[in-house]
Amino acid sequence: MKIFLLFLTLCFVFANAQGIKPKKNLKKFPQKIQRTLNVNCDTLNTENWFEVEKNEIVKICADQKVKAWETSLKSKVKNDSCIILQTPTLIGVESLNLFFLNAGRSRKINLAVGMKYLNFKSEKVLLGYNQKKRNVITTINGKNEINEDPERFVSVTGTYLIDKYPVTNCEITQLLWDSIPQNVPNLDPDSKRYTQNWILRKKNGIRNENCLTHDSAAASVYLYQAMVYANVRSNQEQLKPYYIFSASESNDAKILSEGKYVVGYWDFTNHKEGFIQVSVDPSSDGYRIPFYDEWMMFARGGDQKNKAIWGDSSANLKDVLKYAKFGTGKYFDESEPVGQLKPNGFGLYDIFCLVWEHVLFKRKNPFHLLMGSPSCLKGGGNLVLTKDDGEYHSEPHWKSMNYSSSRPNFHSSAIAGFRLIRNIGNNAKWTEVKSK
């Protein structure tokens, strides 16, 4: 009887371990294996994460014999403990299950494709920035406001997934394919130009084609479009979308309350309504745009001292160019490939100068010059590096590029790039660290 039950159990395991569909099985991989990931089965728990790149050929090997693998990815079982996988062509999360003969259940491995997995446990991080003379801002009423975003330490506990690179043009084109029109609608000249470029990318592309790992960064995305893209990416992974859209009678972009905004209703078409209301779903497990403090935390990459990755204002241009990619300066919607320079301390690329990045304010906008906008642009993008009087400079001057660099995003009508984040199984807890 026990032998019969064991036989039924094994049949059940193998029957439920046929996730590799025959049409997706690769008899052989034309490319060489780019990386080998070793798995210690005794330490596997319910949440196991490996970071991989798009379009990467990866071999995963367990330290025990695996009876069956379950995955929807293109794959080939190498031997009784190894499998070869081809990672997806788009950013996202994929998973595979391992079945062992002596295990009562399967073990799951998550693959963070093109993303970083960051698990903070009471991590001390520095937020804000202090400027000297520029710290004093004269308001309309003649009063001085000092330190609108002063430096402060906070303790963070939470688990995040964050895009290693800004979202690329190919990823936008593929996921928003059906939203990109065939012909240019009646738009103002600037919006018409941006939409023409997206239509051209679609015409020159192929539906469901591979997106290069280091494709050019998207630089002409409105805030509303970035939110729509986040929801589409969530739906792709069967996650609950973060943003809920509804009609708005407002004629201006604003923060209504925590989790409720009015943003510009700007995308590939012409809407009669100029603005739309956006509410966040606190129960969502999907992707979203970083909040201002989150972007600052990720951009610093654990740096608790400097004003930029390369140091302070005494750094030379050679050090800056290791991290900051200055642009051509021809048009704001032009960009270059992601991931060509060094990453920051968290392994994130292109924080400075490749493209501006959309960020949201969570509760209120603390900056007088941003006039209550629900969002702003961070990081600096498409800045031209020229030579004048024997010294290289940009607009703004390259020596002023640091974590404080930002640009207003009035009416949410500015175009920019962005990267997405996602909380894993929790909402991060932020606690201010009191100074002694």
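Observations on the structure shown:
- Number of residues in the stretch 311-338 that are modelled with pLDDT of 80 or more and either closer than 19 Å to residue 384 by Cα or out of contact with any Asp or Glu (no Cβ under 8 Å at 6 or more places or on another chain) (or both): the value is 15.
- Total residues in the stretch 415-436, condition over 23 Å from residue 164 (Cα atoms) and either at pLDDT 80 or above or touching a Ser or Thr at 6+ places or on another chain (Cβ under 9 Å) (or both): 3
- Of residues in the stretch 360-405 being at pLDDT below 85 and assigned to a strand (DSSP E or B), the one surrounded by the most Cβ atoms within 10 Å (Cβ to Cβ): 381
- Members of the stretch 173-190 found to be under 22 Å from the mean Cα position of the chain (by Cα), part of a loop (DSSP other than H, G, I, E, B) and of a type in the set (Val, Ile, Thr), listed by number: 180
- Residue match in the stretch 62-81 (condition: within 30 Å of residue 229 (Cα to Cα), among the hydrophobic types (A, V, I, L, M, F, W, C) and modelled with pLDDT of 65 or more): yes
- Scanning the stretch 212-224 for residues that are part of a loop (DSSP other than H, G, I, E, B) and either surrounded by fewer than 23 Cβ atoms within 10 Å (Cβ to Cβ) or among the basic types (Lys, Arg) (or both) yields 212, 213, 214, 215.
- Condition met for residue 255 (in the same structural domain as residue 401 (by TED's automatic domain parsing), part of a strand (DSSP E or B) and under 23 Å from residue 154 (Cβ atoms)): yes
The values are calculated or read from the model by the stated rules, or taken from the named source; none is laboratory data. Since the model is a prediction, treat every value here as computed from it, not as a measurement. All Cβ positions, even for glycine, are placed from backbone atoms using ideal geometry, and neighbour counts span all protein chains on display.
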